[in-house]
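Accompanying notes for the structure given below.
The values are calculated or read from the model by the stated rules, or taken from the named source; none is laboratory data. The model shown is predicted, which means the values in this text are computed figures rather than measured ones. Here the Cβ positions follow ideal geometry from the backbone for every residue, glycine too, while neighbour counts run over all protein chains shown.
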Amino acid sequence: MFITKKAISRRTVLRGLGTTLALPLLDGMVPALTAVGRTAAKPVMRFGAIYVPMGIIMENWTPKTTGTGFELSPILQPLARFRDSLTVISGVNSVGSGHPNATVAFLTDVRGASGANIRAGVSVDQLIAKQIGQETKLPSIELGLESLALVGDCESTNCGYMQTLSYSTPTTPLPVETNPREVFERLFGDAESTTPEARLARIKHNRSLLDSLTGDVADLQRQIGHGDRAKVSEYLEAVREVERRIQKAEAASAEMPLSVEAPAGVPATYAEHAKLMFDMQVLAYQSDSTRVSTLMMGREQSNHRFPEAGVPEPHHSMTHHPDVQTRLANVTKINTYHVSLFSYYLDRLAATPDGDGSLLDHTVVLYGSGLSDGNLHYGNGVPTVLAGHGAGSLKGGRHLQYSGDPLANLHLAIMDKYGVQVEKLGNSTGRLEGLAV
């Protein structure tokens, strides 16, 4: 580690045995000129996409009115405290229909080619990562809460398209990581410390990746101001707390019967798994380890059960409701439960300082599903909401209604905010209007 007395580089890292830990943005990293009235440094923007499977009960999702005076719908109620940071978008159509195409089209705006060979399109997150992810340790991270082994029998010949949202080329799907330990060590471990042998040895002795940073942390704290010392302490404690929770899950996994298929390190409950993955996205943004992330909260055709949401029946079977009220109510409960976990993520982003604002101020998060009606497998009028302000490029506090515009038009408008100039994406017909401040 090398720190000058004039300013700390944004790329400063703490290096320990098996650890490469990037620092959050500190006051001491801001160029001196910005402190005497010159133009402030441009905030770093991040992009995230959160996918929920098998559609949403649209009558309980869509606000009844448009514009700035809209009232949150029942499913969106958990986001009430973030209302001014939300842009709810209705009336945009995906090219996807059916479970495989719902997933692949969510960020590529093309339907997957039929047959044994994967062929889709480059996804929005990867187009953005090529523009803003070259200065970070990881250009992007692709996360999920459900491994393919837990999905159950696939009902389509195109099951491969349900495994990820992200494609770096039309024929290169990027694998989703579901194990929190693997994600944690990608973010904070070095190449030598993330081998299976090193990981097992550390788990056996219950050692933290941060244990060898004590000296460097002490040196850093002596050279920075009081406010920055507090930021570093809070950040390191957040990293350590995430690692504690992973260690706890690993200890619990070691005691599980061999018949349990969840990989070691995955918490026993869906909620804790989701929160761990959300927390690691926040830490990844905070440390500038990556600026682009995706998270699949479930996979199409998943039969995961949500007793904690009051729905012990399998998710997929519930979405085939043929307007049976009890099933509609159950799917609504699952939809609302997912949104409540998304609210946790927004809360963490809003509570994390980043330059002259928060991570939520400088991020755009796309949340939605590739289907509107999971019963009929429709991709028209897909549920979509943007959260965050994109460093001042997204106003929030609005419900925007469109008339069948392609979802690809929204993607082009989002990419414009990141300086990604693409004239055509999938079935796009232009940029979606109305998103500018």
How many residues, within the stretch 158-192, are among the hydroxyl-bearing types (Ser, Thr, Tyr) and more than 20 Å from residue 274 (Cβ to Cβ)? 6
Pair list, Cβ under 7 Å, 6 or more apart: the stretch 212-232 residue under 21 Å from residue 355 (Cα atoms), other residue at pLDDT below 90 and of a type in the set (Asp, Glu): 225/27; 227/27; 228/27
Only one residue in 400, 376, 412 is at pLDDT 95 or above, out of contact with any helix residue (DSSP H, G or I) (no Cβ under 6 Å at 6 or more places or on another chain) and closer than 21 Å to residue 52 by Cβ, so which one is that? 400
Every residue from the stretch 164-173 that is surrounded by fewer than 21 Cβ atoms within 10 Å (Cβ to Cβ) and assigned to a loop (DSSP other than H, G, I, E, B): 170, 171
Give the stretch 63-81 a look and list any residue that's part of a loop (DSSP other than H, G, I, E, B), over 19 Å from residue 435 (Cβ atoms) and under 26 Å from the mean Cα position of the chain (by Cα), or say none. 71, 72, 73, 74, 75
The lone condition residue 323 fails out of (1) under 20 Å from residue 57 (Cα atoms); (2) in a strand (DSSP E or B) is (2)
Test result for residue 165, at pLDDT 90 or above and in the same structural domain as residue 126 (by TED's automatic domain parsing): yes
Do you know which residues across the stretch 302-329 are within 16 Å of residue 369 (Cβ to Cβ) and free of Cβ contacts under 8 Å to residues at least 24 places away in the same chain? 318
Looking at residue 28, is it more than 20 Å from the chain's Cα centre (by Cα), at pLDDT below 95 and outside any loop (DSSP other than H, G, I, E, B)? yes
Being out of contact with any Gly (no Cβ under 7 Å at 6 or more places or on another chain) and surrounded by fewer than 20 Cβ atoms within 10 Å (Cβ to Cβ) is the filter here, so list the residues in the stretch 362-379 that pass it. 375, 376, 378
Could you pull out the residue among 360, 394 that is assigned by TED's automatic domain parsing to the domain that holds residue 78 and in contact with a helix residue (DSSP H, G or I) (Cβ under 6 Å, 6 or more places away or on another chain)? 360
Counting only residues that are in contact with a strand residue (DSSP E or B) (Cβ under 8 Å, 6 or more places away or on another chain) and of a type in the set (A, V, I, L, M, F, W, C), the stretch 67-81 contains a total of 3
Output the number of residues of the stretch 91-135 satisfying the condition of being part of a loop (DSSP other than H, G, I, E, B) and aromatic (Phe, Trp, Tyr). 0
